[in-house]
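First up is the structure itself, then whatever we jot down about it.
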Amino acid sequence: MAKPLIQMALDSLDFDQTVGLATLVAPYVDIFEIGTPCIKYNGLNLVKELRARFPEKLLLVDLKTMDAGEYEATPFYAAGADICTVLGVSGLATCAGVIKAANAYGAEAQIDLINVEDKVACARATAEMGAHIMGIHTGLDAQAAGHTPFADLNDIARLGLNVRISVAGGIKPSTVQDVVRAGANIIVVGAAIYGAASPADAAREIRELVDAV
Ligand SMILES: O=C([C@H](O)CO)[C@H](O)[C@H](O)COP(=O)(O)O
């Protein structure tokens, strides 16, 4: 299996703070995620700024698209996004639109399975349509209610679909190696890095733990 990628979730609303945090953790991560609140607040300009500053990094824009998939995602791919997310709960037509936009730019579409009731059925159907990445995601509100992404990860990993699996939701140093061993290809970390006293040290620790598996 290819080495798992580490994705840093940039969830601040502040443009300069986001660019500053990205700069601090850049040596240790593979993908910058512009989180949903951040992209809603800052828009395409932030995509263009990060694309220009970090041409070697993959850039995920966490649009969590719910409708008008192709129309909404196209400008973000055009601005340099490598991956955009679309909600599995949006339905197959919207997911198909984002997949179409991704393919038009040689990029990737990620299905976010957040709040999808039958995650296995959604993963199977969207993988069949050509989705590139399946996102197992326990959102911030669900985390606050005590939920984790681990059971869902096991359910999706055992399907053996022809997609990469991304996992997000409160991943921290004590759990990151279990996530890798359970079959994740992309490990998303937000608060455990940006909430640490030294985000760079926290990112380096995550990198060392992932590489050691
Ligand atoms: O996607 C996220 C959330 O829905 C807000 O957009 C987070 O970026 C994702 O959950 C990763 O952050 P942590 O859970 O803090 O690691």
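The values are calculated or read from the model by the stated rules, or taken from the named source; none is laboratory data. Every value quoted in this text rests on a predicted model; they were computed, and no experiment measured them. Note: ideal-geometry Cβ built from the backbone for every residue, glycine included; neighbour counts use all protein chains shown.
Residues are listed down the side, and each one gets a yes or a no for (1) closer than 18 Å to I34 by Cα; (2) within 16 Å of the ligand (Cβ to nearest atom):
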| site | (1), (2) |
| --- | --- |
| H132 | no, no |
| T138 | yes, yes |
| R181 | no, no |
| Y194 | yes, yes |
| A202 | no, yes |
| A212 | no, no |
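Applying a threshold of 8 Å to beta carbon distances and a minimum spacing of six or more residues, or different chains, the list of pairs starting in the range 56-68 at a residue that is touching a residue at least 12 places away in the same chain (Cβ under 8 Å) and ending at one that is part of a loop (DSSP other than H, G, I, E, B) and of a type in the set (S, T, N, Q) is empty. Taking every residue in the range 125-148 that is within 19 Å of L63 (Cβ to Cβ) and pairing it with any residue that is polar (S, T, N, Q) and surrounded by 18 or more Cβ atoms within 10 Å (Cβ to Cβ), at least 6 positions away or on another chain, the pairs with Cβ-Cβ distances below 6 Å are I133/Q110; I133/S166; G135/Q110; G135/S166. Of the residues making up the range 1-57, those that are assigned to a helix (DSSP H, G or I), charged (D, E, K, R) and more than 17 Å from the chain's Cα centre (by Cα) number 4. Report yes if V176 is more than 10 Å from the ligand (Cβ to nearest atom), within 18 Å of the chain's Cα centre (by Cα) and more than 21 Å from P37 (Cβ to Cβ), otherwise no. The answer is yes for V176.
Cβ separations smaller than 6 Å between residues 6+ apart or across chains give the following pairs from the range 154-175 residues that are at negative phi to residues that are of a type in the set (D, E, K, R) and surrounded by 17 or more Cβ atoms within 10 Å (Cβ to Cβ): P173/E205. If you check L60, L113, L153 for being within 16 Å of the ligand (Cβ to nearest atom), touching a Phe, Trp or Tyr at 6+ places or on another chain (Cβ under 8 Å) and closer than 28 Å to V180 by Cα, only one passes: L60. Scanning the range 10-33 for residues that are more than 16 Å from the ligand (Cβ to nearest atom), of a type in the set (D, E) and in contact with a helix residue (DSSP H, G or I) (Cβ under 8 Å, 6 or more places away or on another chain) yields no hits at all.
Would you confirm, using the coordinates I've provided, whether A191 is at pLDDT 95 or above and under 20 Å from K119 (Cα atoms)? Spelling it out, it is not the case that A191 is at pLDDT 95 or above and under 20 Å from K119 (Cα atoms).
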